[in-house]
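What follows is a single structure, written as structure tokens, with notes after it.
Each value in this text was obtained by applying a stated rule to the coordinates, not by laboratory testing. In this text the structure is predicted, and so the values were computed from the model without any measurement. Cβ: placed from backbone, ideal geometry, glycine included. Neighbour counts: every protein chain shown.
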Amino acid sequence: MISQAYLSQLFSLENRVALVTGGSSGIGRAVAGALARAGASVVVVARKETELAATVDELTAGGCRAAWVSADLGTRDGVRAAAEEAVRAFGEPDILVNSAGINLRPPMGELTEDVWDTTLAVNLEAPFLLGQRFGPGMAERGFGRIIHITSQQAHRAFVQSGAYGVSKGGLESLARSQAEAWSPYGVTCNTLVPGFVMTPLNARLANDPEKVEALAARTMTGRNGLAEDFEGAAVFLASRASAYVTGQSIFVDGGLSVH
Ligand SMILES: NC(=O)c1ccc[n+]([C@@H]2O[C@H](COP(=O)([O-])OP(=O)(O)OC[C@H]3O[C@@H](n4cnc5c(N)ncnc54)[C@H](OP(=O)(O)O)[C@@H]3O)[C@@H](O)[C@H]2O)c1
């Protein structure tokens with residue numbers, strides 16, 4: 001009993017509200033589930049309604065509080081509409097997780113302005129706009145947690161990084177700018193940095209067993225990442241326990257980046 005009270009004081013998300021973009025698939029879905037099971041009321045935002053509804057049904061069937069908003073985060077109007085619809089479910093969020101992301105991977109010489117614009121809009125501008133919408137309110141209330149999901153490609157080029165790597169590098173800088181602005185008011189801003197994770201984003205690569213094995217061999221743990229590997233780190237960064245951790249990039253990559 002004593003240990004449960006201690007763990008709750010550190011990690012419980014009871015009475016917190018979380019907004020998770022990309023919360024209907026892969027890493028975002030695992031993170032949304034983890035925050036909800038740790039006690040938060042969670043709103044997941046993405047485009048496809050079937051996946052959104054399935055995610056929320058699974059969570060509510062397990063006794064969690066969850067809701068979904070369908071929106072295209074690739075446009076400024078879409079982001080604004082998503083934010084306003086999201087707060088109607090459980091109120092202003094205490095925790096914002098930006099996991100929605102796309103990786104279109106054209107070779108650099110064929111990278112069109114369209115691909116550049118779309119990639120930067122979803123991966124970098126949407127997190128910026130959501131931060132502008134929710135960060136000041138978090139600061140005013142004296143508690144907030146902003147968590148971005150970036151990539152090893154924020155740190156090095158890997159399989160035609162192109163616009164994607166640029167967007168993720170920018171996202172890590174955004175986290176530091178947000179941390180500088182809002183940490184004095186109880187709002188921490190950090191990024192979780194995946195290596196190679198078996199999710200729908202990587203379906204093409206994941207279907208090539210030789211490549212999958214070669215990538216696993218580059219880690220220290222000897223395997224590629226799974227979406228659930230992000231659950232504990234996300235709960236930590238969303239909780240009171242991480243109050244003194246801000247502006248950081250935390251690698252959840254089985255040691256890939258240091259091998
Ligand atoms: N998997 C990896 O190996 C890996 C490695 C490094 C970094 N990451 C990063 O981790 C994050 C999650 O990736 P994942 O692997 O979990 O990918 P995923 O399974 O493909 O999930 C991506 C999520 O983003 C949503 N999304 C995409 N475009 C959107 C848009 N325009 N508007 C709203 N929602 C949109 C998708 O839903 P809809 O399609 O329904 O909109 C989905 O919920 C991404 O930021 C990715 O860059 C992943």
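If you go through region 37-89 one residue at a time, how many are assigned to a strand (DSSP E or B) and more than 11 Å from the ligand (Cβ to nearest atom)?
Result for region 37-89: 5.
For region 132-172, give me each residue that is within 13 Å of the ligand (Cβ to nearest atom), surrounded by 19 or more Cβ atoms within 10 Å (Cβ to Cβ) and aromatic (Phe, Trp, Tyr).
164
Somewhere in region 90-98, is a residue more than 11 Å from the ligand (Cβ to nearest atom), in a helix (DSSP H, G or I) and over 23 Å from residue 150 (Cα atoms)?
Yes, there is a match, as at least one residue in region 90-98 is more than 11 Å from the ligand (Cβ to nearest atom), in a helix (DSSP H, G or I) and over 23 Å from residue 150 (Cα atoms).
What number of residues in region 74-88 are within 27 Å of residue 186 (Cα to Cα) and crowded, with 19+ Cβ neighbours inside 10 Å? Quick ask: steps written out before the conclusion?
At the first step, the residues of region 74-88 found to be within 27 Å of residue 186 (Cα to Cα) are 79-88.
With crowded, with 19+ Cβ neighbours inside 10 Å added as a condition, the list becomes 79, 82-83, 86.
Within region 74-88, residues that are within 27 Å of residue 186 (Cα to Cα) and crowded, with 19+ Cβ neighbours inside 10 Å number 4.
Do the conditions hold for residue 192, that is, is it within 12 Å of the ligand (Cβ to nearest atom), among the aliphatic types (A, V, I, L, M) and buried (at least 23 other Cβ atoms within 10 Å of the Cβ)? It would help to see each step written out before you state the result.
On the way: within 12 Å of the ligand (Cβ to nearest atom): yes; among the aliphatic types (A, V, I, L, M): yes; buried (at least 23 other Cβ atoms within 10 Å of the Cβ): yes.
Yes, satisfied.
What residue, of 227, 175, 241, 181, is more than 14 Å from the ligand (Cβ to nearest atom), closer than 23 Å to residue 17 by Cα, in contact (Cβ under 8 Å) with a residue 60 or more places away in the chain and not β-branched (Val, Ile, Thr)? It would help to see each step written out before you state the result.
Numbers: 227 fails: more than 14 Å from the ligand (Cβ to nearest atom); 175 fails: more than 14 Å from the ligand (Cβ to nearest atom); 181 fails: in contact (Cβ under 8 Å) with a residue 60 or more places away in the chain.
None of the other options fit; the residue is 241.
Taking region 122-151 on its own, how many of its residues are within 17 Å of the chain's Cα centre (by Cα) and under 16 Å from residue 183 (Cβ atoms)?
Total satisfying the criteria: 8.
Which of (1) of a type in the set (D, E, K, R); (2) more than 17 Å from residue 98 (Cα to Cα); (3) touching a Lys or Arg at 6+ places or on another chain (Cβ under 9 Å) does residue 240 not meet, given it meets every other one?
Failing condition for residue 240: (3).
Does residue 214 qualify as being more than 16 Å from residue 247 (Cα to Cα) and in contact with a helix residue (DSSP H, G or I) (Cβ under 8 Å, 6 or more places away or on another chain)? Outline the logic, then answer.
On the way: more than 16 Å from residue 247 (Cα to Cα): yes; in contact with a helix residue (DSSP H, G or I) (Cβ under 8 Å, 6 or more places away or on another chain): no.
In short, no.
Within region 173-189, which residues are in contact with a strand residue (DSSP E or B) (Cβ under 9 Å, 6 or more places away or on another chain) and not hydroxyl-bearing (Ser, Thr, Tyr)?
Of everything in region 173-189, those that are in contact with a strand residue (DSSP E or B) (Cβ under 9 Å, 6 or more places away or on another chain) and not hydroxyl-bearing (Ser, Thr, Tyr) turn out to be 174, 175, 176, 178, 179, 180, 181, 182, 186, 187, 189.
Checking residue 31 against (1) over 20 Å from residue 234 (Cα atoms); (2) within 16 Å of the ligand (Cβ to nearest atom); (3) of a type in the set (Val, Ile, Thr): exactly one of these is not met. Which one?
Failed condition: (1).
Among the listed residues 111, 104, 129, which satisfies the condition of being in contact (Cβ under 8 Å) with a residue 60 or more places away in the chain, of a type outside the set (Val, Ile, Thr), in contact with a helix residue (DSSP H, G or I) (Cβ under 9 Å, 6 or more places away or on another chain) and surrounded by fewer than 19 Cβ atoms within 10 Å (Cβ to Cβ)?
Only one candidate passes the filter, namely 104.
For region 99-131, enumerate the residues that are more than 10 Å from the ligand (Cβ to nearest atom), over 18 Å from residue 20 (Cβ atoms) and small (Gly, Ala, Ser).
Selection gives 109 alone.
All but one of (1) touching a strand residue (DSSP E or B) at 6+ places or on another chain (Cβ under 6 Å); (2) of a type in the set (A, V, I, L, M, F, W, C); (3) in contact (Cβ under 8 Å) with a residue 40 or more places away in the chain; (4) part of a helix (DSSP H, G or I) hold for residue 19; which doesn't?
(4)
Provide a single number: the residues in region 173-185 that are touching a helix residue (DSSP H, G or I) at 6+ places or on another chain (Cβ under 7 Å), buried (at least 18 other Cβ atoms within 10 Å of the Cβ) and closer than 18 Å to residue 94 by Cα.
2
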